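Student: First, the structure itself, so that you have it in front of you.
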Ligand SMILES: [Zn+2]
Ligand SMILES: [Zn+2]
């Protein structure tokens, strides 16, 4: 019988080969999704390294909530390193990702930034190591696409980037209420509520992109997974699930009120799907 580790290694290699023709953009550390089983099954510890471009510092609470979720899903001890800032003059900060050459330029630059600033890299064979690394990059500017902006994306098998400025313009319910002089106290409460919502939406983006690294909507052979919405890149079809294709909690329209109370989680179907990636 083939030992488990060898079996996985062989399947990782096969997956890499099978996709090598169409993944030029994301070939930096491998195709997003191929480390899914490693993140879910291998090693005792998961270290999250966070670098941010000057001016777009991560929200500490958002990272902590994200770390807590990663710990629950992977069953590993999660350690988040202190985020470190950097500058990178070649980053334009505004790209239109529906334009083929602009997305190419943005991705190439993001990969270069990762190569320059990332400290912890996974071994070529991460299954031999007790520590698995996740890299999170916060970038300024906005990535425009046809229907809005992309708040985050994956750019290798173990790397996520977030564009927090696109989260700053979200309106979290109740926005139109005018506070009279008597309602200063309520106004303070409301500002606190908005801070919580902004934190929750950032956690949601991190968790969504991590879901892609785990294999959701990315893994070859996912066709049998019934909950997928093929018209939206095989994202989950449940609008309250973190793997839904939009940040809004509504299938249509813009409903962000729920972020005042919580971030999005993996739905039961996505959790079952993730369980099938463990070995
Ligand atoms: Zn997605
Ligand atoms: Zn789901």
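Student: Taking 0.36 nm per residue of sequence separation and subtracting the Cα-Cα distance, how much length would be gained by fully extending the chain between residue 100 and residue 87, in nm to one decimal? Walk me through the numbers before you get to the answer.
Tutor: Details: separation 13, 0.36 × 13 = 4.68 nm, distance 2.55 nm.
Gain on stretching residue 100 to residue 87: 2.1 nm.
Student: Mind jotting down the three principal axis lengths of the range 61-103 based on Cα atoms? Whole angstrom, largest first.
Tutor: 40, 24, 16
Student: What ranking do 56, 162, 188, 50 get, fewest neighbouring Cβ atoms within 10 angstrom at the top?
Tutor: In order of increasing Cβ crowding within 10 Å: 188, 56, 50, 162.
A short reminder: the numbers here are calculations on the coordinates, not readings from a lab. Given the structure is predicted, the values throughout are model-derived calculations rather than measurements. Quick reminder, even Gly has a Cβ in these numbers, built from the backbone with ideal geometry, and neighbours come from all protein chains shown.
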